[in-house]
Amino acid sequence: MKSLSIVIPAYNEEANVHTTIAEVSGVADQLGLDYEIILVNDGSHDRTGQIGRDLARFVHNFRLVEHYPNRGYGGALKAGFAAARKELIAFFPANNQFHFEEITRLLERHDETNAEVICGYRTPRRDPFMRKFNAFGWNMLIRILFGYLCRDIDCGFKLFQRDLLHRISIESDGALIDTEFLSKARRLGHRIEEVPVPHRPRVGGEATGANLHVIVKAFRDLWTLLQKQTAVTGYLKWRFGLR
């Protein structure tokens, strides 16, 4: 039987977190998986943490991870990954914009291809125009700098083998975490596959991806990642006489 850790990062998602956990728990039970649900309360200022503590009393295979202050999206995911115990890890947002039943598509693609990473891509993407415009520009920039990793780099619905974490060191605490993880996986020769996942509009809470602080940090982390990868590539070329 497959075992699956479901990591759900949440920041100020009191309007969505209860519905999200109920949906994830119900689907996971129906699939007959050996699973655990890990909700990461990333220093929320609203009732997200309290709702998580309430859920912990009656939701099967549920754990709450909390930290203060807010560490950012990447920091929340890393905390969830560190707590995960199963052979596969799926991460899934708490914003109620995905159907968790689509996890079957990711699991099936993993079985069919034995790829170490399965990325969802939103189709169609149900976000405001400016978010889609900014995402298009960011995806194009990542492709120019790192080559093709996947078509929807920051889609928050992905699946990967937990043992990758023993080979990939993730440093980013912010929005760059997907790019860092996938670029390092690709450099190590790991296979990345993709599947479409339906997307629905956000009806509660507020997205933070367009926050100026988040954007500035993402570009700062991007520059740091580029410098490190360029330095490693340069050393290998020198050490082994590569061109």
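The values are calculated or read from the model by the stated rules, or taken from the named source; none is laboratory data. Bear in mind that the values here come from a model prediction, so they are computed numbers and not experimental data. Please note: Cβ atoms are built from the backbone with ideal geometry, for glycine as well, and neighbour counts cover all protein chains shown.
Side notes on the structure shown:
- The range 15-39 - residue that is small (Gly, Ala, Ser) and over 18 Å from GLN50 (Cα atoms) and, of those, surrounded by the fewest Cβ atoms within 10 Å (Cβ to Cβ): GLY32
- Of the set (1) more than 25 Å from TYR121 (Cβ to Cβ); (2) touching a strand residue (DSSP E or B) at 6+ places or on another chain (Cβ under 9 Å); (3) aliphatic (A, V, I, L, M), all apply to ALA22 but (2).
- Residues of the range 84-125 that are charged (D, E, K, R), outside any loop (DSSP other than H, G, I, E, B) and in contact with a His (Cβ under 7 Å, 6 or more places away or on another chain): ARG122 alone.
- For ASN139, the conditions (1) over 25 Å from ILE89 (Cα atoms); (2) among the polar types (S, T, N, Q); (3) in contact with an Asp or Glu (Cβ under 8 Å, 6 or more places away or on another chain) all hold with the exception of (1).
- Residue that is nearest to ALA15 (Cα to Cα), among those in the range 69-119 that are touching a Leu at 6+ places or on another chain (Cβ under 9 Å) and among the basic types (Lys, Arg): LYS86
- Some residue of the range 43-61 being surrounded by fewer than 18 Cβ atoms within 10 Å (Cβ to Cβ), among the hydroxyl-bearing types (Ser, Thr, Tyr) and at pLDDT 95 or above: no
- Residue count for the range 61-83, restricted to those that are free of Cβ contacts under 8 Å to residues at least 40 places away in the same chain and assigned to a loop (DSSP other than H, G, I, E, B): 3
- In a residue-by-residue description of the range 143-159, the property of being without any contact (Cβ under 8 Å) to a residue 40 or more places away in the chain, more than 15 Å from GLY74 (Cα to Cα), in a helix (DSSP H, G or I) and more than 16 Å from the chain's Cα centre (by Cα) applies to at least one position.
- Output for the range 175-197, where each listed residue is within 22 Å of ARG125 (Cα to Cα) and either in a loop (DSSP other than H, G, I, E, B) or not charged (D, E, K, R) (or both): ALA175, LEU176, ILE177, THR179, LEU182, ILE192, VAL195, PRO196, VAL197
- Filtering SER183, SER169 for residues that are polar (S, T, N, Q), closer than 20 Å to GLN229 by Cα and surrounded by fewer than 18 Cβ atoms within 10 Å (Cβ to Cβ) leaves a single hit, SER169.
- Residue in the range 126-134 that is closer than 21 Å to ASP154 by Cα and either touching a His at 6+ places or on another chain (Cβ under 6 Å) or in a strand (DSSP E or B) (or both) present: yes
- Filter result for LYS86 (without any contact (Cβ under 8 Å) to a residue 12 or more places away in the chain, farther than 18 Å from TYR73 by Cβ and either surrounded by 15 or more Cβ atoms within 10 Å (Cβ to Cβ) or touching a Lys or Arg at 6+ places or on another chain (Cβ under 6 Å) (or both)): no
- Which numbered condition LEU4 misses (of (1) part of a strand (DSSP E or B); (2) of a type outside the set (Val, Ile, Thr); (3) closer than 24 Å to ASP173 by Cβ): (3)
- Condition check for ASN41: part of a strand (DSSP E or B), touching a strand residue (DSSP E or B) at 6+ places or on another chain (Cβ under 8 Å), over 24 Å from GLN161 (Cβ atoms) and not aliphatic (A, V, I, L, M): yes
- Among (1) buried (at least 20 other Cβ atoms within 10 Å of the Cβ); (2) over 21 Å from ARG200 (Cβ atoms); (3) touching a His at 6+ places or on another chain (Cβ under 8 Å) - the single one ASN12 does not satisfy: (2)
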